[in-house]
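Notes to accompany the following structure.
What follows draws every value from the coordinates through simple rules; no lab data is involved. Quick caveat: nothing in here was measured; it's all calculated off a predicted structure. Reconstructed Cβ throughout: ideal geometry from the backbone, glycine too, with neighbour counts over all protein chains shown.
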DNA sequence: TTCGATAGTTCAAGAAACCCGAACTATTGA
DNA sequence: TCAATAGTTCGGGTTTCTTGAACTATCGAA
């Protein structure tokens, strides 16, 4: 399990960020992470919502879009929103998305 | 050619709006429309960028997401950004997207 | 009022992306 | 060392996207 690649936000295209946020399951993860500080894969999207391979893929997309940072602790992986960095890269975007609905 | 359906913005889910904006060609169209007032299909995305069936589909996605309004004038179709309505539905979102990059 | 050109839609099929079960890797605790 | 836990990767079935070809609608000119 090679450890995770966290892109430099400067290298993330706007369309990739929007794409990452445009899926209901991923958006739910982002909302959950915005509320909590850090969550593991299981808590980021409750198990009823999708099988773990799907959750894992969603987290990979969020990671590639610069939205989350993941670190291992024992056998769990904890992810946090890269809120400040993302905000610096796309001012107002995450705020607008979290506020909406 | 049945005329166009323009959804009530209240019925547009956030994820549909983000999905519509997450494609480079559609984002380019939105940027072009934000600059100009109204554009036809050809001008919204210059022909070099995609065949017309693709442009037509992209415009349909933008329409369904409540981002544009289209009207016929002779044999051309002109589209405009539904800027105010979209802004009222998703405050800050379009502004953040147009500002980015 | 018919014909040709222009503007765009719809259809269908091939290409690309997504989802999820099964098999695998990594870590821990007994 | 073994079983359990947490998550990844792989494969292939399904869905979605793209685009050429055929179609519809409108206009201007003969």
Task: Zone residues, the range B:7-30, relative to residue B:72, backbone N less than 19 Å from point 7 Å out along Cα-to-Cβ - done: B:7
Task: Inter-copy label distances at residue A:37 (7 Å, Cα→Cβ; nm, one decimal) - done: 5.4
- [ ] Over the range B:10-101, calculate the relative contact order: mean separation of alpha carbon pairs under 8 Å at least 6 apart, over the residue count, as a percent.
- [x] 29 percent
Task: Size-normalised alpha-carbon gyration radius of the range A:44-101, reference 2.2 N^0.38 Å - done: 1.26
Open item on the list: Counting only helical runs of four or more DSSP H residues, what would the 222 nm mean residue ellipticity of chain A come to if each run contributes -39,500 (n - 2.57) and the total is spread over all its residues?
Closed with: -14000 deg cm²/dmol
Task: Cβ-vector label at 7 Å, residue A:54, separations to other copies in nm - done: 3.0
- [ ] Using label points projected 7 Å from each Cα along Cα→Cβ, tell me how many nm separate residue B:10 and residue B:57, to one decimal.
- [x] 3.3 nm
Task: Between the range B:75-101 and the range A:36-67, the alpha-carbon center distance in angstrom - done: 30 Å
- [ ] Just round it to a whole percent: the fraction of Cα-Cα distances in chain A exceeding 22 Å.
- [x] 22 percent
Task: Where only C-alpha atoms are counted, convex hull volume of the protein assembly as shown per residue in Å³ - done: 141 Å³
Task: Inter-copy separations for residue B:99, label at 7 Å along Cα-Cβ, nm, ascending - done: 1.0
